[in-house]
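To keep things clear, I will list the structure first and then write my remarks on it.
The values are calculated or read from the model by the stated rules, or taken from the named source; none is laboratory data. Being a predicted model, the structure only gives us computed values, none of them experimental. Glycine gets a Cβ as well: all are built from the backbone with ideal geometry, and neighbour counts include every protein chain shown.
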Amino acid sequence: MIERIKNADLKELEKLAAETRKKMVETVSKRGGHLASSLGTVELTIALLKVFDLPKDKVIWDVGHQSYAYKMLTDRSENFDTLRTFGGISGFPKISESKYDFFGTGHGGTSISAGLGMREAMRMKSDQSKVISVIGDGAITSGLALEAMNNVDRFGRNTITILNDNDMFISTSVGALSKWFSRKLSGQKYSSARTEIKQLISKLPPIFHGDKIVDIIRKTINSSKSLLTPGILFEGFGYQYVGPIDGHNIGELVETLQDLKHNSEPVLLHIHTVKGKGYRFAEENPRKFHGIAPFDIKTGEMKKPSSPSFTAYLADYLPRLFRRHSNLVAITAAMPDGTGLWKLQEAYPSRVFDVGMSEGHAVTFASGLAAGGLRPIVAIYSTFLQRAFDNIVHDVALQNLPVMFLIDRAGLVGEDGATHHGLFDLAYFRMIPNMTVMAPRDESEMARMIEFSLTLHSPVAIRYPRGSGSGKRASNRLTPLKTCTGELIKSGKNKIMIVGVGITTVFALEAAEKLEKAGVSPFIYDLKFVKPLPDELFELIKKLGITHIVTVEDGIVAGGAGSAVLEKLSELRMSIPCTILGVKDTFSTHGTQKELRKIEGIDADSIFDAVSEIIDKKN
């Protein structure tokens, strides 16, 4: 495919762009995925493959949401229909998947740092090849990207940073830096003016072509552009700024990249694209098609309406909570839609803060709000919150400030795979002093935990999975959650107790039904509190004469809830065997949640097998 691109003329490249978009829409309509971003980078991908010498030159995609065309046009076209399926192609760049994936990405803001490091390694080997980092207008505002740009002047030779500016993050652009990329002087308006000037120059009599007059005009345009566009900012970091240009004009992209290819100084090329380009429904609603489940191509509607999720429940519940508590505020990091804050944002715009792709800042900002007397709620995906670990420790927990963390997408998230699984939150939150950690088995329990958190004057973390729990809705009157108390939700006859953590308690109940049919009757305990552990649990273990404990959690085993139970048993000198079911020492892979839970041994069948094996050994 790359060879075809190298030898193709402009007309053939434009035809290829249309073919690529068509196949991309068809595949994502069946598999789900990040469609809108990838539709916006088709022409850029073709131009990069046309101009540069891969794999000698390196292309690094930030986040990876926009890399589908790249996957298709490198060496994965034939397998693209396996996108995001178990054993198939990952939805994100992955070093182990292809020689053309030079750096694995799934979190925003990494491409410039990685590119500088890769280029420095190449320099030390006397390799003068290029490193091209593609970053979006959302990711470039992250702290990591700004830290990287601060080192461009030193390490940036033979690097090109391409700013893909579609005036939209996952939701919408926020913050001063995004406003800098204002449409007034960039994008279509600037490109139109630039085109008109080029046309004017081309109409000058032939005697002037190549003359100093034309050179002066061009230099004047470039110097004024640097003052009137974001160029002045990037030039301050040490870049040579070029653009903005039309990111859907293959001819202009190829021409510009060919010029830049021979420039050894660090360059930032600013391109303007349309998120969702080429598919009407994605262009009209890029937020919906940023990450979407399988859908009908003709209507743009999802084929199977999803069950009400923890996030959707939260979206309905939080506005009611905020009506009752005027001191509550909420913070998200560029994802009000994904974390269920969109309705709250509409109802209380002055009390919901979207700080952009800056998780560390979100947490420390929340600690400042708490120190000022408010009760902040920080809603961030588990995988992204781990980027703010030191802020959680130093700025929240150490000062014992009442910040509530609502940790969405905890556990195995499914098709997004290793970069997005929320496997580590239980382990890293549990180790932090002053922290209370809870996990609800259903949506109603989540609401009870939030209500309980407001009675505390210390930091709290509540983690819940992608998708739905039992679907149980909270009534207007919620039963108060008692401090550090779990719940024995099933009595048994055998001396085995299954301790469920969050959503795995639902799986334990399913396993119990099957076990009962096999003549085995275990006790089932919903832990609720991972830290501090309920003293009641260990009192029950003694009282009931439990001889074996099985803990189940949808997180990494090392340092998780099962480890906490073992530690407490040791502290109490209780010699009771404990089987821990959870994700072992792995990042897991991509596939459906059902497939992954089975593979990692935490679904109902796995619990059934573990208990059956214990019974067999006892017998």
key: Subset tally (residues that are touching a Gly at 6+ places or on another chain (Cβ under 7 Å) and assigned to a loop (DSSP other than H, G, I, E, B)) for the range 369-413   = 3
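Condition check ((1) surrounded by 13 or more Cβ atoms within 10 Å (Cβ to Cβ); (2) not hydrophobic (A, V, I, L, M, F, W, C)) across all residues:
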site: Ala564; (1), (2): yes, no
site: Ser570; (1), (2): no, yes
site: Arg573; (1), (2): no, yes
site: Cys578; (1), (2): yes, no
site: Val583; (1), (2): yes, no
site: Ser588; (1), (2): yes, yes
site: Glu595; (1), (2): yes, yes
site: Gly601; (1), (2): yes, yes
site: Ala604; (1), (2): yes, no
message = Looking at the structure I just gave you, is Lys23 part of a helix (DSSP H, G or I), more than 24 Å from the chain's Cα centre (by Cα) and surrounded by fewer than 21 Cβ atoms within 10 Å (Cβ to Cβ)?
response = yes
request  = Run Ser90 past the list (1) touching a Ser or Thr at 6+ places or on another chain (Cβ under 6 Å); (2) modelled with pLDDT of 90 or more; (3) buried (at least 21 other Cβ atoms within 10 Å of the Cβ) and report the number of the one that doesn't hold.
outcome  = (1)
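Just checking: which of the helices (runs of 4 or more DSSP H) contained wholly in the range 559-619 hold 3 or more residues that are under 18 Å from Gly422 (Cα atoms)?
On the way: elements: 561-571, 593-599, 604-618.
So the answer is 561-571, 593-599.
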ask   = Residues in the range 38-54: is at least one in contact with a helix residue (DSSP H, G or I) (Cβ under 9 Å, 6 or more places away or on another chain), under 18 Å from Asp416 (Cα atoms), at pLDDT below 95 and in a loop (DSSP other than H, G, I, E, B)?
value = no
task = Among the numbered conditions (1) touching a Lys or Arg at 6+ places or on another chain (Cβ under 9 Å); (2) surrounded by 23 or more Cβ atoms within 10 Å (Cβ to Cβ); (3) of a type in the set (A, V, I, L, M), tell me where Leu533 comes up short.
result = (2)
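Could you check, for the range 99-108, whether at least one of its residues is closer than 27 Å to Gly251 by Cβ, out of contact with any Pro (no Cβ under 7 Å at 6 or more places or on another chain), modelled with pLDDT of 90 or more and not in a loop (DSSP other than H, G, I, E, B)? It would help to see each step written out before you state the result.
Of the range 99-108, the ones closer than 27 Å to Gly251 by Cβ are 100, 102.
With out of contact with any Pro (no Cβ under 7 Å at 6 or more places or on another chain) added as a condition, the list becomes 102.
Among the residues that remain, those that are also modelled with pLDDT of 90 or more are: 102.
Imposing the further condition that a residue be not in a loop (DSSP other than H, G, I, E, B) reduces the set to none.
No.
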query = Looking at the range 418-439, which of its residues are β-branched (Val, Ile, Thr) and within 23 Å of Leu481 (Cβ to Cβ)?
reply = Ile432, Thr436, Val437
request  = For the range 536-570, enumerate the residues that are farther than 28 Å from Ser382 by Cβ and among the acidic types (Asp, Glu).
outcome  = Glu539
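Residues of the range 368-388 being under 16 Å from the mean Cα position of the chain (by Cα) and more than 18 Å from Leu344 (Cβ to Cβ), which ones?
The first filter runs over the range 368-388 and keeps only residues under 16 Å from the mean Cα position of the chain (by Cα), leaving 378-388.
Passing the criteria: Ser382, Thr383, Phe384, Leu385, Gln386, Arg387, Ala388.
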task = Please go through the range 477-520 and pick out each residue that is touching a residue at least 12 places away in the same chain (Cβ under 8 Å) and part of a helix (DSSP H, G or I).
result = Thr504, Thr505, Val506, Phe507, Ala508, Leu509, Glu510, Ala511, Ala512, Lys514, Leu515
task = Tell me which residues, restricted to the range 230-275, are hydrophobic (A, V, I, L, M, F, W, C) and without any contact (Cβ under 8 Å) to a residue 24 or more places away in the chain.
result = Ile232
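Checking the condition touching a helix residue (DSSP H, G or I) at 6+ places or on another chain (Cβ under 9 Å), surrounded by 20 or more Cβ atoms within 10 Å (Cβ to Cβ), assigned to a strand (DSSP E or B) and not assigned by TED's automatic domain parsing to the domain that holds Met446, which residue from Ile524, Ile546, Ile541 passes? Before you say what the answer is, go through the steps one by one.
Numbers: Ile546 fails: assigned to a strand (DSSP E or B); Ile541 fails: assigned to a strand (DSSP E or B).
So the residue among Ile524, Ile546, Ile541 that is touching a helix residue (DSSP H, G or I) at 6+ places or on another chain (Cβ under 9 Å), surrounded by 20 or more Cβ atoms within 10 Å (Cβ to Cβ), assigned to a strand (DSSP E or B) and not assigned by TED's automatic domain parsing to the domain that holds Met446 is Ile524.
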ask   = Just one of the numbered conditions (1) more than 17 Å from Leu596 (Cβ to Cβ); (2) buried (at least 23 other Cβ atoms within 10 Å of the Cβ); (3) not charged (D, E, K, R) is not true of Gly411; which one?
value = (1)
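Of Phe424, Phe429, which residue is closer than 27 Å to His65 by Cα, modelled with pLDDT of 95 or more and not small (Gly, Ala, Ser)?
Of Phe424, Phe429, the one residue that is closer than 27 Å to His65 by Cα, modelled with pLDDT of 95 or more and not small (Gly, Ala, Ser) is Phe424.
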task = Taking Ser468 as the residue in question, decide whether it is within 23 Å of Tyr317 (Cβ to Cβ), in contact (Cβ under 8 Å) with a residue 40 or more places away in the chain, outside the structural domain of Leu328 (by TED's automatic domain parsing) and outside any strand (DSSP E or B).
result = yes
message = Of all residues being within 15 Å of Ala610 (Cβ to Cβ) and among the β-branched types (Val, Ile, Thr) in the range 484-500, which is surrounded by the fewest Cβ atoms within 10 Å (Cβ to Cβ)? Just the residue, please.
response = Ile496
inquiry  = One residue is enough: does the range 66-83 have a residue meeting the conditions surrounded by fewer than 21 Cβ atoms within 10 Å (Cβ to Cβ), charged (D, E, K, R), in a helix (DSSP H, G or I) and in contact with a Phe, Trp or Tyr (Cβ under 6 Å, 6 or more places away or on another chain)?
reply    = no
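Starting from residues that are under 21 Å from Gln399 (Cβ atoms) and within 15 Å of the chain's Cα centre (by Cα), keep the ones in the range 334-361 and report whichever is surrounded by the most Cβ atoms within 10 Å (Cβ to Cβ).
Glu359
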